[in-house]
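A quick write-up on the structure given underneath.
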There are 2 protein chains.
Amino acid sequence: MDKIDYKILNFLKEDADITNAALADKVYLSPSSCLRRVQKLKSQGVIKKTVAIIDEKVLGRNLQAIVEVDFDRHGTSSSAPFNERVKNEISVTKAYGITGESDALLFLSLVDMQEYEQVCERLFNNDKNVIRFRTSFVMKRIKD
Amino acid sequence: MDKIDYKILNFLKEDADITNAALADKVYLSPSSCLRRVQKLKSQGVIKKTVAIIDEKVLGRNLQAIVEVDFDRHGTSSSAPFNERVKNEISVTKAYGITGESDALLFLSLVDMQEYEQVCERLFNNDKNVIRFRTSFVMKRIKD
DNA sequence: TTCTTTTATGCAATAATATTGCATGGACAA
DNA sequence: TTGTCCATGCAATATTATTGCATAAAAGAA
């Protein structure tokens, strides 16, 4: 992990479609050396994977919501079932256990309000360990 | 945008490293047809770009924070300078204008607490339109 | 320092993959 | 039916990725 590796990561982080030859140019290496570095970074898990960024409007999930959740009990065993349900919920794109006022924060990428209602039912209303939740909807994307 | 296109998107969303031939197999098309669909989706902007997912630990940004921000005034002209600063702040990975209790929600990917302090200084403490902010730190990644 | 070992590099050959031209066939409208 | 349009598959071609190998640089060991 030297300076060149970081350069490579910073380029691929923004555009993984770039050809190896073009990337090699940018970091002043031969294509073969460059490729071997990229392969190494992948095998080491530094580059986890590469994904296509899809226009969410096209996928019909243009309603973004952020939900703060308060739990009754906070132990691992108490929140495990909740975490499982969260993982299986397609509309939940991100979920974190957090410090501060609330205990968890969820990101929802929804088709419409009807789906929101259904997700709430499954995740929050049916879970006795969830004592409260507060939802904010995304109006404007400042940075994404 | 038919069923096959959606299939393609769903595969590339998870793994853009897949070869065109392998993708073609999965959607039961010939490589050439499949490729032409992918190219079309890219030119249409349905596929915005493809990026490498980097292990954040390696990049030294392993401290994740979520900041809710309250503004004094909410008009476009009032929040424009804030939005500009947010865009220029490397550690801010996502930022949204939201409904509900707070006005904006920021995602920070930080090196350490010192950087957090500096970012707060630049974004919040020096902005008269920011009347309050509340930070939560990510303890556990339930889904990411 | 000097010698040895390891690791990274570039070049050139090769393999794999993407890309294009073209002919065919299906869907649809007149 | 007939014609047009568009997607498809095949095969040829162009790009790109990958590997072997010799050399050079870097990292240790004595």
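The values are calculated or read from the model by the stated rules, or taken from the named source; none is laboratory data. Computed from a predicted structure; not experimentally measured. We place every Cβ from the backbone using ideal geometry, glycine too, and count neighbours over all the protein chains shown. Just the protein is used for accessible areas: all its heavy atoms, side chains included, with ligands, DNA and RNA removed. Shrake-Rupley method; radii C 1.70, N 1.55, O 1.52, S 1.80 Å.
Could you tell me whether the range A:69-76 includes any residue that is under 30 Å from A:Val130 (Cα atoms), polar (S, T, N, Q), open to solvent by less than 50 Å² (accessible area, probe 1.4 Å) and away from DNA strand D (no atom under 16 Å from the Cβ)? Taking every residue of the range A:69-76 in turn, none turns out to be under 30 Å from A:Val130 (Cα atoms), polar (S, T, N, Q), open to solvent by less than 50 Å² (accessible area, probe 1.4 Å) and away from DNA strand D (no atom under 16 Å from the Cβ). For the range B:79-91, the candidate set comprises residues that are more than 16 Å from B:Asn125 (Cα to Cα) and out of contact with any Lys or Arg (no Cβ under 6 Å at 6 or more places or on another chain); within that set, the residue that is least open to solvent (accessible area, probe 1.4 Å) is B:Ser91.
If the condition is being assigned to a helix (DSSP H, G or I), out of contact with any helix residue (DSSP H, G or I) (no Cβ under 8 Å at 6 or more places or on another chain) and open to solvent by 60 Å² or more (accessible area, probe 1.4 Å), then the range A:101-144 contributes A:Met113, A:Gln114, A:Glu117, A:Gln118, A:Glu121, A:Asn125.
A quick yes/no check of all residues on (1) within 11 Å of DNA strand C (Cβ to nearest atom); (2) open to solvent by 70 Å² or more (accessible area, probe 1.4 Å); (3) among the charged types (D, E, K, R):
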position: B:Asp5; (1), (2), (3): no, no, yes
position: B:Glu14; (1), (2), (3): no, yes, yes
position: B:Asp17; (1), (2), (3): yes, yes, yes
position: B:Asn20; (1), (2), (3): yes, no, no
position: B:Leu29; (1), (2), (3): no, no, no
position: B:Ser32; (1), (2), (3): yes, no, no
position: B:Gln39; (1), (2), (3): yes, yes, no
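Would you check if there is a residue in the range A:127-136 being small (Gly, Ala, Ser), at the interface with chain B (Cβ under 7 Å from one of its Cβ atoms) and under 16 Å from B:Leu105 (Cα atoms)? Yes, the range A:127-136 has at least one match.
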